[in-house]
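In what follows, a single structure is set out as structure tokens and then discussed.
The values are calculated or read from the model by the stated rules, or taken from the named source; none is laboratory data. Every value quoted in this text rests on a predicted model; they were computed, and no experiment measured them. Don't worry about glycine lacking a Cβ; one is built from the backbone with ideal geometry, like all the others, and counts go over all protein chains shown.
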Amino acid sequence: MATDPNTVKGYNENAEAYNNHASDPTDSIFHSYYEKPAIRAELPKLEGLEVVSIGCGSGVDTRWLADNGAKKVVGVDISEGLLKIAKANNPDIEYHEMDMEHLDFPDESFDLAYSSLAIHYVDDWTKSLKEAYRVLRSGGAYIFSCGHPIDTAMEYAVEDDTKYARLGRMVDQVTQKRTTFGDYLANEGKGVKPVGGTLGTIDVIVYHRTFGKMIEEVLTSGFSIERVVEPQPTTEMQQANPDMFEQLSRIPTFMIWVLRK
């Protein structure tokens, strides 16, 4: 299992709280006014398509995919707790407890693979991407979102009741001493490093990887890259939280990939 076990444990133990968060647009403005509009804008017409939602969580996205025309939607997730909620809320949709690195489906089972903010929980994209490639039919697309490496490269510190997120350098103009903040290249991990964080009450580990490492792993899996989107926040975000709108208009948190088999 490439996903950190404590991350899975956190989602299982806080499944109801996470579902309440993900289901409430006013409580999850990063999703509702930033990531979700961006990833949904990249989707093809869903009518007639058979779709697998990888890392489906509590089923919010599978519900949306089914309600917006998909012929068939199958959700998979590694969290038993989240899947219990998904199944209870969406009895008409098929769900399976699966690791995204080991999708228990025959080759060429789906027209579209969809994944929202899940792949950054695995330390090596290659295995999960190869599995998505395998279960897609020829010409199928894998459209997924993940954390942006600019965001995961930052160094966080609290000083005088102010929290700083820094990526860059500081140069003393007298001594010329340089201080570097953050770590984008992650040389010790060959471009990949674990990053701890919290999602509400859930402690999680995501994996930072350089943009170059992302491209390497995508191409190794067999996919071609159609688009990489660094989204802008919506006007609804500007109304809900002007400061966050300003931040996301200048510094990305997420990114969207559109891959093709």
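If the condition is being under 16 Å from residue 256 (Cβ atoms) and surrounded by 12 or more Cβ atoms within 10 Å (Cβ to Cβ), then region 224-236 contributes 225, 226, 228, 229, 230, 231, 232, 233, 234.
Taking residues in region 248-261 that are closer than 22 Å to residue 237 by Cα and in contact (Cβ under 8 Å) with a residue 60 or more places away in the chain, and partners anywhere that are in a strand (DSSP E or B) and polar (S, T, N, Q), the pairs with Cβ atoms closer than 7 Å and at least 6 places apart or on different chains are 254/145; 255/145; 256/145.
Restricted to region 152-162, and to residues there that are part of a strand (DSSP E or B) and among the hydrophobic types (A, V, I, L, M, F, W, C), the residue that is surrounded by the most Cβ atoms within 10 Å (Cβ to Cβ) is 157.
What residue, of 145, 115, is at pLDDT 95 or above and in contact with an Asp or Glu (Cβ under 6 Å, 6 or more places away or on another chain)?
Working: 115 fails: in contact with an Asp or Glu (Cβ under 6 Å, 6 or more places away or on another chain).
On inspection, the qualifying residue turns out to be 145.
Among the residues of region 1-48, those that are at pLDDT 95 or above, crowded, with 16+ Cβ neighbours inside 10 Å and assigned to a loop (DSSP other than H, G, I, E, B) comprise 42, 43, 46.
Can you name the residue in region 201-212 that is surrounded by fewer than 20 Cβ atoms within 10 Å (Cβ to Cβ) and of a type outside the set (Val, Ile, Thr) and, of all such residues, is nearest to residue 254 (Cα to Cα)? For region 201-212, the residue satisfying everything is 211. If the condition is being buried (at least 24 other Cβ atoms within 10 Å of the Cβ), aromatic (Phe, Trp, Tyr) and closer than 20 Å to residue 62 by Cα, then region 111-140 contributes only 114. Residue 191 passes every criterion in (1) free of Cβ contacts under 8 Å to residues at least 40 places away in the same chain; (2) surrounded by fewer than 18 Cβ atoms within 10 Å (Cβ to Cβ); (3) more than 28 Å from residue 18 (Cβ to Cβ) apart from (2). Assess whether residue 165 counts as being in a helix (DSSP H, G or I) and touching a strand residue (DSSP E or B) at 6+ places or on another chain (Cβ under 6 Å). No. Pairs meeting the criteria (first residue in region 2-20 and polar (S, T, N, Q), second residue in a loop (DSSP other than H, G, I, E, B) and surrounded by 15 or more Cβ atoms within 10 Å (Cβ to Cβ), beta carbons under 6 Å, at least 6 apart or on different chains) are 3/78; 3/122; 12/79; 19/58.
Filtering region 124-138 to residues that are more than 18 Å from residue 72 (Cα to Cα) and either touching a Pro at 6+ places or on another chain (Cβ under 6 Å) or not basic (Lys, Arg) (or both) leaves 124, 125, 126, 128, 129, 131, 133.
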